[in-house]
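Engineer: Following this message is one structure expressed as structure tokens.
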Amino acid sequence: MIQGTGLATPLLSLDKYVGFLFSFVLPFGCAFQLPVALYLTTRIGLTNYHMLASTRKYVLLGIFVLAAILTPPDVVSQVALGVPLYVLYEVGIQVARLTRRRYPDVE
């Protein structure tokens, strides 16, 4: 018998890594695309600055509900996703304020 076999067990496994990837890293990665999405929807005319600013409180509620669904069941990860996502929403509102529709004559 070889000495030392069975003493050490690996802490990481492939199923734990994939579970972590889909429950934590993927939602955070998608969340940071929010200003880009708001820029694109403003640019093509689906949203505008006034609409985004007036729905701010509903979006805040939706962000934290979405963060509760997408993250593992603990408050720290929910807040860790919700707060940056709301800050990025505010950045997106400012980007929308600076962005005009592609065809301003059509309005």
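Engineer: Residues to consider are 67, 53; find the one that is at pLDDT 90 or above and part of a helix (DSSP H, G or I).
Structural biologist: 53
Engineer: Which one is most open to solvent (accessible area, probe 1.4 Å) among residues in the stretch 56-81 that are of a type in the set (Val, Ile, Thr) and either touching a helix residue (DSSP H, G or I) at 6+ places or on another chain (Cβ under 7 Å) or under 12 Å from residue 96 (Cβ atoms) (or both)? Break it down stepwise before answering.
Structural biologist: Restricting attention to the stretch 56-81, the residues satisfying the condition of being of a type in the set (Val, Ile, Thr) are 59, 63, 65, 69, 71, 75-76, 79.
Checking the rest, the ones that are also either touching a helix residue (DSSP H, G or I) at 6+ places or on another chain (Cβ under 7 Å) or under 12 Å from residue 96 (Cβ atoms) (or both) come to 59, 63, 71.
Working: 59: 39, 63: 13, 71: 12 Å².
Filtering the stretch 56-81 for residues that are of a type in the set (Val, Ile, Thr) and either touching a helix residue (DSSP H, G or I) at 6+ places or on another chain (Cβ under 7 Å) or under 12 Å from residue 96 (Cβ atoms) (or both), the one most open to solvent (accessible area, probe 1.4 Å) comes out as 59.
Engineer: On to the next question. Is there any pair with a first residue in the stretch 43-57 that is more than 11 Å from residue 90 (Cα to Cα) and a second that is outside any loop (DSSP other than H, G, I, E, B) whose Cβ atoms are under 7 Å apart and which are 6 or more apart or on different chains, and what are they?
Structural biologist: What qualifies is 47/38; 47/41; 47/96; 48/42; 48/96.
The values are calculated or read from the model by the stated rules, or taken from the named source; none is laboratory data. Worth saying up front: this structure is predicted, and the values here are computed from it rather than measured. Ideal geometry is used to build each Cβ from the backbone, glycine not excepted, and the neighbour counts take in all protein chains shown. Ligands, DNA and RNA are excluded from the accessible area calculation, which covers all protein heavy atoms including side chains. Shrake-Rupley method; radii C 1.70, N 1.55, O 1.52, S 1.80 Å.
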